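What follows is a single structure, written as structure tokens, with notes after it.
The values are calculated or read from the model by the stated rules, or taken from the named source; none is laboratory data. None of these values were measured; they are calculated from a predicted model. Glycine gets a Cβ as well: all are built from the backbone with ideal geometry, and neighbour counts include every protein chain shown. These area figures cover heavy atoms from the full protein model, side chains too; ligands, DNA and RNA do not enter into them. Shrake-Rupley method; radii C 1.70, N 1.55, O 1.52, S 1.80 Å.
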Amino acid sequence: MSTIIKKEGFSYAFNQDACVTCAGRCCTGESGYIYVSKEEIFTISDLLKLSVNDFGVKYLFKHGYKYSIKEQVYEGSYECIFYDRESNGCKIYEARPSQCISFPFWDYFKTRVDELKEECPGIIDD
Ligand code: SF4
Ligand code: SF4
């Protein structure tokens, strides 16, 4: 049975089963920002058993007044440095940022459903 998620205020639904065969398109592809809050920086550092400073130097960069997780390029695709190609998963899943948890229900996509459908094969009309 499919796991369909809906959220109030959004005109689309999300079939979570699509993640199994998708190859992490929301964690790879075009370059983007993966913002982390101060609390999330502490949580991820803790998970990785790194000091906040070491974690920041190794995995983050500053964009304006925010911090974003670094990417690495693989065969022309910009992938989050925590994307695990082998398992098609997230290396910091338990501590992943809220930006990742809330995908694909971002305000940005409310008026850009076609763009979202191109990125995420799990998007279906509600
Ligand atoms: S792009 Fe969509 S289907 Fe693919 S992993 Fe991300 S949320 Fe799942
Ligand atoms: S932190 Fe995890 S879920 Fe978020 S973009 Fe990176 S690999 Fe994907």
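Numerical summary
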| read-out | value |
| --- | --- |
| Percent carbon-and-sulfur accessible area, the chain, ignoring ligands, DNA and RNA, probe 1.4 Å | 52 |
| Average Cα contact separation per residue, the chain, under 8 Å, 6 or more apart, as relative contact order % | 36 |
| 26 Å Cα-Cα threshold exceeded, pairs from LYS7/LYS62; LYS58/LYS91; LYS49/LYS70; LYS66/LYS110; LYS38/LYS70; LYS6/LYS62 | LYS7/LYS62; LYS6/LYS62 |
| HN-Hα J in Hz across segment 107-112 - Karplus 6.51, -1.76, 1.60, θ = phi - 60°, x for Gly and Pro | 3, 3, 8, 4, 10, 9 |
| Net charge of Cβ neighbours under 14 Å - reference GLU8; Lys, Arg +1; Asp, Glu -1 | +1 |
| Within segment 19-94, chymotrypsin sites (Phe, Trp or Tyr not before Pro) in DSSP loop having at most 15 other beta-carbon neighbours inside 10 Å | TYR33, TYR65 |
| Cut-off under 5 Å, modelled amide H: who pairs with ASN15 long-range | ILE5, ILE123, ILE124 |
| Selected from LEU48, LEU60, LEU116 as most flexible by GNM, with the chain as the system and alpha-carbon contacts under 10 Å | LEU48 |
| Cleavage-rule hits, GluC sites (Glu not before Pro), segment 1-72, DSSP coil, Cβ neighbours within 10 Å at most 16 | GLU8, GLU30 |
| Computed FRET value (nearest 0.05) for ASP54 with ARG85, which takes r as the C-beta separation and R₀ as 30 Å | 0.80 |
| Length added when fully stretched, CYS22-SER2, from 0.36 nm per residue minus Cα-Cα | 5.7 nm |
| Listed residues GLY64, GLY89, GLY24, most fluctuating in the chain (Gaussian network, C-alpha, under 10 Å) | GLY64 |
| For the chain, accessible area per residue (1.4 Å probe, heavy atoms of protein chains only), Å² | 66 |
| For segment 29-87, alpha-carbon Rg and Dmax in angstrom | 11.9, 33 |
| For segment 29-87: relative contact order, % (alpha-carbon pairs under 8 angstrom, 6 or more apart) | 39 |
| Hypothetical label at VAL73: residues of segment 16-48 whose amide nitrogen lies under 17 Å (7 Å Cα-Cβ projection) | 28-33 |
